[in-house]
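Structure first, commentary second.
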Amino acid sequence: MYITGGVVSKDNPLYLEASTDFNLAIKKFPFIIVFCFSEDDVINTLKYAISEDIPFRVRNGRHDYEGNSNVNKGIVIDVSNINYTFIDEVNNKAKFGGGITTGKMYSDLVNKGYTVPSGTCPDVGFAGLTSCGGVGFAARLLGLSCDNLLEIELINYKGEKIVANEYSNDNLFWAVRGGLASNFGVVVSLTYKITPVCNVSTYVITWNPKYFVDVLDTWQSFTPYADVRLTTSVEYKKESSGDILLSSSGQFFGGKEELERIIEPLLKVAPTESVEIETISYEEALEKWSSDCTGPEKFKGTGSFIYTPLSKRILNCLEAELISAPKNSTQFYEFIGLNGNVSKVKPNETAFVHRNSLYLIEIKSAWDLEMDREDNVNWTNNVKDLLDSVGIGTYRGFTDFDIIDWQRQYYGDNYPRLREVKTQYDPLNIFNFPQSIEPL
């Protein structure tokens, strides 16, 4: 057995950068990082790791919130260079290398006038995002990323390539749509249906933060049932300076005037500080949303799916938690609208179980000084505990090691079937890591 690809070991000047995760609060030091340029590189590295009984992780965008794509004293199989794009305009589909990022996927498709619904941050690995579900500003119209997946190819524990789609290995195809594909193998390609796109209309509204409860109460009553062409979010954020910001953003597959009529409840709920509504190209919209994404930082993140509107008592508690959040750090809640065509798929039709949620809340805190870590982690966990009393589960893309009942929170009633698929395709539990699916 031997390794092929670009090998970076501890004595390589590139090692520090190559071993750094997006979450700078987590530091892990693998034995080597192997940058794979082909399926053969993946197969050879995987077989070597297994034969030598060396722990390994599969990595692409490095965005796992708990650094699960890295490992101490092991091998990182990095597939980020397997990032090709083949577009089939005749059949409205596109095939991507398993290491492609959301940003490159968008760029390659938009140049041809197409899209696949995905998230907003360009350096996130598209395979990982898709196999967690894939939430973004087109979800209520086009569905989740995983709803647009037609086929996936992965390397299994034997070093063999498996093709999974609706007709072949359909049980595995069910599992990778919400069940995190790295539980079953190394993704080397994904094929999606693509949707023609040209212009969209967007909005950004800001208010004085004192109106948080009123704005969120109106938003949660309005957005899950709005025109499916519209996907919206609300952000309530405390800057490290202590300033608190309240805003809502949205993307609409239609005209500016129609969008303005649809969001009228948000425009009237409280005095606005600023309103921006415009029709722009889809490419410009992608750039607009990506500009809000942060770079690598020290943080703790988690989330909660909300199935029924939050009471004003809970909203007041959320407001109080943010106002009293640790100083000299940044904290935010992002409320991400769902329902629409996301809920047209049954909870057991794919492994993504949270189909009937009205929206998803992301909770995040970020700090610079190590002395502030504990207070921020505790703050995030306290807010999560509060939402666990009213929400149901969380998003698999927000890996959170502090969740004890992660099987239920990520996968709900789909977990028993996921264990069956794991047993079928990885019976020896070769692809194991913290919070990986357990075989029977």
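The requirement of being outside the structural domain of ILE162 (by TED's automatic domain parsing) and either among the aliphatic types (A, V, I, L, M) or touching a strand residue (DSSP E or B) at 6+ places or on another chain (Cβ under 7 Å) (or both) is satisfied by ILE50. In this structure, TYR282 does not qualify as closer than 20 Å to ASN339 by Cβ and touching a Ser or Thr at 6+ places or on another chain (Cβ under 7 Å).
Out of ASP170, ASP123, I need the residue that is among the charged types (D, E, K, R), outside the structural domain of PHE22 (by TED's automatic domain parsing) and touching a residue at least 24 places away in the same chain (Cβ under 8 Å). Which one?
Testing whether each residue is among the charged types (D, E, K, R), outside the structural domain of PHE22 (by TED's automatic domain parsing) and touching a residue at least 24 places away in the same chain (Cβ under 8 Å) leaves just ASP123.
Without any contact (Cβ under 8 Å) to a residue 60 or more places away in the chain, surrounded by fewer than 21 Cβ atoms within 10 Å (Cβ to Cβ) and at negative phi: is that true of ASP217 in this structure? No. Check segment 81-99 and report whether any residue there is farther than 19 Å from VAL188 by Cβ and outside the structural domain of CYS146 (by TED's automatic domain parsing). So far as segment 81-99 goes, no, none of its residues is farther than 19 Å from VAL188 by Cβ and outside the structural domain of CYS146 (by TED's automatic domain parsing). You will find that of GLY113, GLY99, the residue that is buried (at least 24 other Cβ atoms within 10 Å of the Cβ) and either under 13 Å from the mean Cα position of the chain (by Cα) or at pLDDT 95 or above (or both) is GLY99 and no other. Each residue in segment 200-234 was checked for being among the charged types (D, E, K, R) and over 18 Å from ALA139 (Cα atoms), and 3 pass.
From the list SER233, SER274, the lone residue that is surrounded by 19 or more Cβ atoms within 10 Å (Cβ to Cβ), in contact with a strand residue (DSSP E or B) (Cβ under 8 Å, 6 or more places away or on another chain) and not assigned by TED's automatic domain parsing to the domain that holds PRO117 is SER233.
The set of residues from segment 312-345 being over 20 Å from the mean Cα position of the chain (by Cα) and without any contact (Cβ under 8 Å) to a residue 60 or more places away in the chain comprises ARG313, ALA320, SER324, PRO326.
Here is the figure for segment 125-152: residues that are under 27 Å from ASN432 (Cα atoms), buried (at least 21 other Cβ atoms within 10 Å of the Cβ) and among the aliphatic types (A, V, I, L, M) total 6.
Considering only residues that are of a type in the set (Asp, Glu) and within 20 Å of the chain's Cα centre (by Cα), which ones fall in segment 212-260? Spell out how you get there, then give the answer.
Pass one, segment 212-260, residues of a type in the set (Asp, Glu): 214, 217, 227, 235, 239, 243, 257-258, 260.
GLU235 - this is the single residue of segment 212-260 that is of a type in the set (Asp, Glu) and within 20 Å of the chain's Cα centre (by Cα).
Of the numbered criteria (1) touching a residue at least 60 places away in the same chain (Cβ under 8 Å); (2) closer than 19 Å to ILE280 by Cα; (3) assigned to a loop (DSSP other than H, G, I, E, B), the one GLY103 fails is (3).
Scanning segment 84-98 for residues that are polar (S, T, N, Q) and touching a residue at least 40 places away in the same chain (Cβ under 8 Å) yields one hit, ASN92.
In the set GLU334, GLU319, GLU349, which member is among the acidic types (Asp, Glu), in a strand (DSSP E or B) and in the same structural domain as SER233 (by TED's automatic domain parsing)?
Values: GLU319 fails: in a strand (DSSP E or B); GLU349 fails: in a strand (DSSP E or B).
Answer to the selection: GLU334.
The set of residues in segment 265-279 that are assigned to a strand (DSSP E or B) and either at pLDDT below 95 or closer than 14 Å to SER247 by Cβ (or both) comprises THR272, GLU273, SER274, VAL275, GLU276, ILE277. When the test is whether a residue is closer than 17 Å to SER304 by Cα, touching a residue at least 60 places away in the same chain (Cβ under 8 Å), polar (S, T, N, Q) and buried (at least 21 other Cβ atoms within 10 Å of the Cβ), SER365 passes it.
The set of residues in segment 153-181 being of a type in the set (Asp, Glu) and either crowded, with 24+ Cβ neighbours inside 10 Å or not in a helix (DSSP H, G or I) (or both) consists of GLU153, GLU160, GLU166.
Go over the candidates ASP40, ASP21, ASP108 one by one and state the one that is outside any loop (DSSP other than H, G, I, E, B), acidic (Asp, Glu) and out of contact with any strand residue (DSSP E or B) (no Cβ under 6 Å at 6 or more places or on another chain). Sole residue among the options that is outside any loop (DSSP other than H, G, I, E, B), acidic (Asp, Glu) and out of contact with any strand residue (DSSP E or B) (no Cβ under 6 Å at 6 or more places or on another chain): ASP40. One residue alone among VAL345, VAL377 is surrounded by fewer than 22 Cβ atoms within 10 Å (Cβ to Cβ), aliphatic (A, V, I, L, M) and under 18 Å from THR130 (Cα atoms), and that residue is VAL345.
Mind listing whichever residues of segment 182-237 are of a type in the set (Phe, Trp, Tyr), in a strand (DSSP E or B) and closer than 26 Å to SER131 by Cβ? Give the derivation first.
First, pick out the residues of segment 182-237 that are of a type in the set (Phe, Trp, Tyr): 184, 192, 203, 207, 211-212, 219, 222, 225, 236.
Pick out the ones that are also in a strand (DSSP E or B) and you get 192, 203, 207, 236.
Within segment 182-237, just TYR192 meets the criteria.
The values are calculated or read from the model by the stated rules, or taken from the named source; none is laboratory data. On a predicted model such as this, the values are computed, not experimentally measured, just so you know. Because the Cβ atoms are built from the backbone with ideal geometry, glycine has one as well, and the counts that use them run over all protein chains shown.
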